[in-house]
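Visitor: Could you have a look at this structure, given as structure tokens, before my questions?
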Protein chains: 2
Amino acid sequence: MHSSDVIINSIFKDIAFTKPEVSFMENTFERVILTKGEIVLKAGERVTDQYYVYDGCLRTFFIDKAGKEHTIQFAIQDWWISDYIAFFTGEKAVLNIECIQNAILYKISKKNIEKTYDRIPKVERFFRKKMEKSFASFQKRILANLAQSAKERYVNFISTYPNIEQHIKNYHIASYLGITTESLSRIRKELTTS
Amino acid sequence: MHSSDVIINSIFKDIAFTKPEVSFMENTFERVILTKGEIVLKAGERVTDQYYVYDGCLRTFFIDKAGKEHTIQFAIQDWWISDYIAFFTGEKAVLNIECIQNAILYKISKKNIEKTYDRIPKVERFFRKKMEKSFASFQKRILANLAQSAKERYVNFISTYPNIEQHIKNYHIASYLGITTESLSRIRKELTTS
């Protein structure tokens with residue numbers, strides 16, 4: 001196990017913290033060990049935390065009225081994951097989070113993150129910028145669905161989540177791309193033979 | 001025309017500014033007057049500003065490869081609008097912004113907003129929270145498209161944008177909801193007769 005300042009510096013890469021700041025931050029995060037298949041969050045629950053993925057892989061998914069699963073996001077090393085609608089608004093979760101590859105997470109509660117903002121403004125700036133990037137990349141993905149073919153989306157997916165493919169099931173990838181597993185196989189075949 | 005402190009206070013409702021702060025902020029915003037039909041931003045352009053809608057109505061739209069328009073967002077009084085992918089990442093705009101009802105905007109450049117963050121941290125907090133809300137509501141809309149009927153989405157639309165309907169064209173609303181104008185008419189009829 002790494003010492004906690006290594007973890008704090010891994011989470012907030014470009015920020016230079018003082019020693020008292022690191023000590024303060026250490027107490028705001030909690031380590032969570034998960035094994036493949038574990039559910040971290042269920043739709044309907046209250047969401048008090050967001051999770052930093054130190055290692056492993058998770059996905060958020062949504063179950064529609066017909067019972068069909070839609071994969072909304074994958075989170076790999078150095079990504080953050082939560083049901084952000086619920087986390088930000090205080091409403092109950094509509095998403096589920098599942099561990100799909102053994103994972104080590106560091107979670108921080110909303111209360112602790114707000115305390116940190118008051119005490120260390122550069123952390124607020126860090127999250128403000130992170131939020132902007134997430135918003136941009138989420139909107140990008142929606143526009144890609146309107147503008148790109150399934151093949152182009154698959155190529156983008158591989159570049160966004162490098163090395164993720166060998167660890168996750170085909171139907172999760174297909175669900176994320178909004179296509180069937182049959183289409184996914186066809187696209188892969190096209191790409192390897194072209 | 002209102003004095004500039006009225007405008008600053010209208011933009012940042014819940015923040016108490018000192019007089020020097022208001023003076024500083026006044027110089028960061030620029031007033032923009034638009035008439036219906038004007039294009040504020042075209043896909044392919046650089047995006048240096050975001051816009052606060054003081055009055056009137058705008059929409060952002062995306063044109064897909066087949067030339068079809070997709071309305072992504074409407075912005076009415078007290079909303080912010082831009083191509084946020086381009087604004088945050090520095091890439092060229094993929095969206096277009098059109099004034100669909102005579103409008104008064106106040107625009108602020110990325111450079112000025114960053115200066116303001118350094119000088120007045122409560123403005124950075126304001127935008128951090130605004131970003132969180134935007135992210136949550138955008139994600140909510142995507143999930144609604146998966147979970148709700150067109151009728152439910154229309155009802156949500158009316159509650160999100162009260163009084164907007166009489167000012168915008170049916171095909172813009174239909175495009176925003178991802179349905180045809182015929183379906184929109186049918187839904188309206190169903191709601192008035194039920």
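Visitor: What about B:I97, is it modelled with pLDDT under 95 and under 24 Å from A:S137 (Cα atoms)?
Guide: no
Visitor: Let me ask something else about it. Which of (1) away from chain A (no Cβ under 14 Å); (2) open to solvent by less than 10 Å² (accessible area, probe 1.4 Å); (3) of a type outside the set (V, I, T) is the odd one out, the single condition B:N102 does not satisfy?
Guide: Here B:N102 clears every test but (2).
Visitor: What are the pairs, 6+ residues apart or on separate chains, where a residue within the range B:72-94 that is at pLDDT below 95 has its Cβ under 6 Å from a residue that is open to solvent by 30 Å² or more (accessible area, probe 1.4 Å) and part of a strand (DSSP E or B)?
Guide: These pairs meet every condition: B:Q77/B:D55.
Visitor: For the range B:104-124, enumerate the residues that are over 19 Å from the mean Cα position of the chain (by Cα) and closer than 16 Å to B:V47 by Cα.
Guide: B:K111, B:N112, B:E114
Visitor: I've got another one for you. Using beta carbons and a limit of 7 Å, which pairs, at least six apart or on different chains, have the first residue in the range A:6-18 and among the aliphatic types (A, V, I, L, M) and the second one in a helix (DSSP H, G or I)?
Guide: Note: pairs meeting the criteria are A:I8/A:V22; A:I8/A:M25; A:I8/A:E26; A:I15/A:K122; A:I15/A:F126.
Visitor: Does at least one position in the range B:102-117 carry a residue that is out of contact with any Asp or Glu (no Cβ under 6 Å at 6 or more places or on another chain), acidic (D, E) and more than 26 Å from A:T71 (Cβ to Cβ)?
Guide: Checked against the condition, which is being out of contact with any Asp or Glu (no Cβ under 6 Å at 6 or more places or on another chain), acidic (D, E) and more than 26 Å from A:T71 (Cβ to Cβ), the range B:102-117 yields at least one hit.
Visitor: Quick check on my filter: what residues within the range A:3-48 are among the hydrophobic types (A, V, I, L, M, F, W, C), part of a loop (DSSP other than H, G, I, E, B) and surrounded by 15 or more Cβ atoms within 10 Å (Cβ to Cβ)?
Guide: A:F12, A:I15, A:F17, A:A43, A:V47, listed by residue number.
Visitor: Does A:I168 satisfy being at pLDDT below 90 and of a type in the set (V, I, T)?
Guide: For A:I168, the condition - at pLDDT below 90 and of a type in the set (V, I, T) - is met.
Visitor: Another one. B:K140 passes all but one of (1) basic (K, R); (2) closer than 30 Å to A:H70 by Cβ; (3) touching a Ser or Thr at 6+ places or on another chain (Cβ under 9 Å); (4) away from chain A (no Cβ under 11 Å); which number fails?
Guide: Going through the list (1) basic (K, R); (2) closer than 30 Å to A:H70 by Cβ; (3) touching a Ser or Thr at 6+ places or on another chain (Cβ under 9 Å); (4) away from chain A (no Cβ under 11 Å), B:K140 breaks only (4).
Visitor: Something else now. Only one of these is modelled with pLDDT of 90 or more, among the small types (G, A, S) and over 30 Å from A:I179 (Cα atoms): B:S159, B:S185. Name it.
Guide: B:S185
Visitor: When you scan the range B:171-178, do you find a residue that is among the polar types (S, T, N, Q), part of a helix (DSSP H, G or I) and in contact (Cβ under 8 Å) with a residue 60 or more places away in the chain, even just one?
Guide: Scanning the range B:171-178, I find at least one residue that is among the polar types (S, T, N, Q), part of a helix (DSSP H, G or I) and in contact (Cβ under 8 Å) with a residue 60 or more places away in the chain, so the answer is yes.
The values are calculated or read from the model by the stated rules, or taken from the named source; none is laboratory data. This is a predicted model, so every value here is computed, not measured. Note: ideal-geometry Cβ built from the backbone for every residue, glycine included; neighbour counts use all protein chains shown. Areas reflect the complete protein model, heavy atoms only, side chains present, ligands, DNA and RNA absent. Shrake-Rupley method; radii C 1.70, N 1.55, O 1.52, S 1.80 Å.
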